[in-house]
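The structure appears below as structure tokens.
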Amino acid sequence: MTMWEAGPAVAETDARQEFFAAEYPRLAGWVRRQVGDDDTAHDVAAEAFTRLMSRWSAAREPHAYLYKTAVNLLKDHWRRARKERSALSLVAAEQHHGPDGRPDRASDLRGLLEPLPEHQRTAVLLHYLAGFSIREVSEIVGRAEGTVKSDLFQARARIRVELGDNDD
């Protein structure tokens with residue numbers, strides 16, 4: 001390969017590296033101010049840059065694309081967090097106490113999930129508490145979508161039995 005042939009590719013790589021070096025700290029700081037958490041800020045910033053770099057040649061305005069992507073990732077983060085808080089507060093509000101003053105097992109989320117096989121417990125946590133779609137859970141755990149649906153169905157059936165609710 002001649003130096004002439006390598007020139008545009010090297011220049012594009014340099015442009016990407018310069019853009020990343022200049023913008024990553026700024027983006028991570030901006031996201032940090034939105035979420036109040038360094039780990040989440042770096043996760044969002046890294047994902048936004050990953051998506052930008054995969055479309056670098058098609059992105060007319062890399063800066064705008066980067067921040068639009070970060071905003072969308074933040075919306076997803078907040079949506080998942082809201083669903084998780086809602087589910088946890090619902091469980092907490094519905095806790096019943098037994099005669100010994102301790103939460104009844106039927107209202108104890110951890111107590112309901114512990115006996116489940118690992119794959120069912122993971123599917124329940126990711127889908128119902130973290131708010132991931134069936135497709136996303138499938139990708140995360142490396143199982144087919146149909147298998148994840150079956151895991152969720154079986155987990156719900158086991159939980160119904162545990163709660164003494166056998167009506168379908």
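No value in this document is a laboratory result; all are computed from the given coordinates. All of these numbers come straight from a predicted model, not from anything done at the bench. No Cβ is skipped: glycine too gets one built from the backbone with ideal geometry, and neighbour counts run over all protein chains shown.
What distance in nm separates the two pseudo spin-label positions at Lys68 and Lys83, each 7 Å out from Cα along the beta-carbon direction?
My value for the distance between the label points is 2.5 nm.
Distance in nm between label sites at Gln17 and Arg156, each 7 Å beyond Cα in the beta-carbon direction?
Label-label distance for Gln17 and Arg156, simple model: 5.3 nm.
Need the list of lysines near Lys83 for cross-linking: C-alpha distance under 19 angstrom, and skip anything on the same chain fewer than eight residues off.
Lys75
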